[in-house]
Amino acid sequence: MKLWPFTVVEGTSSGSKEKPVIVATYKGEKKEFTIEQISGFILEKMRNVAETFLGTEVKNVVVTVPAYFNDSQRRATKDAGEIAGFNVIAIINEPTVAAMAYGLDTRDMYQNNVKKNVMVFDLGGGTFDVSMVTIERGKIDVKAVSGDTHLGAGNFDTRMVKHCLGEFKNNHDNVVIETSKLLARLKEASNKAKIFLSASAQASIEIDALYEGIDFSSNIRRGRFESLNMDLFKRCIEIVENCLKDANMEKSDVDDIILIGGSTRIPKVQQLLKVFFMEESFVEPSTQMRLLRMGLLFMLQL
């Protein structure tokens, strides 16, 4: 199912490898953009928002990336920051920042006799990674990293879109042409419903004139959303197990779990983690952004 309103094609040669480019309609014309340019546009928008809010220029930044990013991905991230007009001081692993902030917040970073094994569980928009980090005597040591570069909120949205599309087709004799606009509208509505289901047992999806003037209306319960994505949720736990194995640790060795990323607010994700670790509490998602901000501010002072 093609949910993107753009295409990805092979671009011009860069060394011995071909770099993909994105072909999108921009101001009525089809244009090619590198991935660094697209990321740069997003970062530039963020810079403008920050400067408007602060009333001053924002120049120096520290950028976080997934721990599994290779050198070329880190270079591309730095290039995107420079396209946006930033002076990128450093590229830092996300779990390192989260663990550092956790250590500062709990004061474990200052205690020489304290050793903490912390798991950073990062389920974002399009990727998922788990890191085992040890905090000891003011140092942070990443013991193991595991993940899936194609697992995240976008996958949950796609399952919802397929469900809604199937329901719509069944009600209208399966005569529906899957245009990019139709799928984009379904994806936006599905994403909103998914977020709503994190706090409520049921969500409504209402789209006016979805196809040839026909409205779409549906109700989906949290249980149905969970069943649509259960294999993906269980995949998250499998990756947690792999990370523990790579770190040569048992479940009982984990002192705390930091949840990062909007998808960690999904109740079933939290429930499966609690069952796996036989724990009732961990660092909740509501704390995650404060921890990340603390870690980044600390890095800027170094």
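The numbers here are math on the coordinates, done by the rules we state, and not lab data. Remember, predicted model here, so these are calculated numbers, not experimental data. Here the Cβ positions follow ideal geometry from the backbone for every residue, glycine too, while neighbour counts run over all protein chains shown.
Nearest 500 deg cm²/dmol is fine: what mean residue ellipticity at 222 nm does the chain get from its DSSP H runs of n ≥ 4 alone, each adding -39,500 (n - 2.57), divided by its residue count? Could you put the intermediate results ahead of the total?
Values: 8 runs with 136 residues, N = 302.
It comes out at -15000 deg cm²/dmol, rounded to the nearest 500.
Which of the residue pairs K115/K245; K116/K143; K162/K234; K116/K251; K194/K251; K192/K274 have a Cα-Cα distance greater than 24 Å in the structure shown?
On the way: K115/K245 19 Å; K116/K143 12 Å; K162/K234 20 Å; K116/K251 13 Å; K194/K251 30 Å; K192/K274 26 Å.
In this structure, K194/K251; K192/K274 lie more than 24 Å apart at Cα.
What ranking do 259-272, 195-208 get when scored by the average of other Cβ atoms within 10 Å per residue, highest first? Could you put the intermediate results ahead of the total?
Values: 259-272: 20.1, 195-208: 15.2.
Descending mean neighbour count gives 259-272, 195-208.
Determine which aspartates and glutamates satisfy two conditions relative to K169: a Cα distance under 17 Å, and not lying fewer than 8 residues away in the same chain.
Cα-Cα hits under 17 Å: E178, E206, D208, E212, D215.
Given the chain, what percent of its DSSP beta bridges are antiparallel, to the nearest 5? Before the final figure, lay out the partial values.
Values: 37 of 49 bridges.
Roughly 75 percent of the beta bridges in the chain run antiparallel, per DSSP.
Kirkwood Rh over Cα pairs of the chain into Stokes-Einstein at 10 °C, 1.306 mPa s: D in µm²/s? It would help to have the intermediate numbers written out before the result.
Details: Rh = 21.6 Å.
It comes out at roughly 74 µm²/s.
Need the C-alpha centroid separation for segment 52-108 versus segment 168-212, integer Å.
Measuring centre to centre over Cα atoms gives 35 Å.
At 0.36 nm per residue, minus the direct Cα-Cα distance, what do K115 and E82 gain on full extension? Give it in nm, one decimal, please.
On the way: separation 33, 0.36 × 33 = 11.88 nm, distance 3.80 nm.
Answer, rounded to one decimal: 8.1 nm.
So what's the net charge close to I91: Lys and Arg +1, Asp and Glu -1, counting the other residues with Cβ under 14 Å from its Cβ? Walk me through the numbers before you get to the answer.
Details: positive: R74, R75, K78; negative: E36, D71, D79, E82, E94.
After counting each charged neighbour, the total is -2.
Just grab the label-to-label distance for R221 and K31, each label 7 Å out from Cα along the Cβ direction, in nm (one decimal).
Using points 7 Å along Cα→Cβ, the separation is 4.9 nm.
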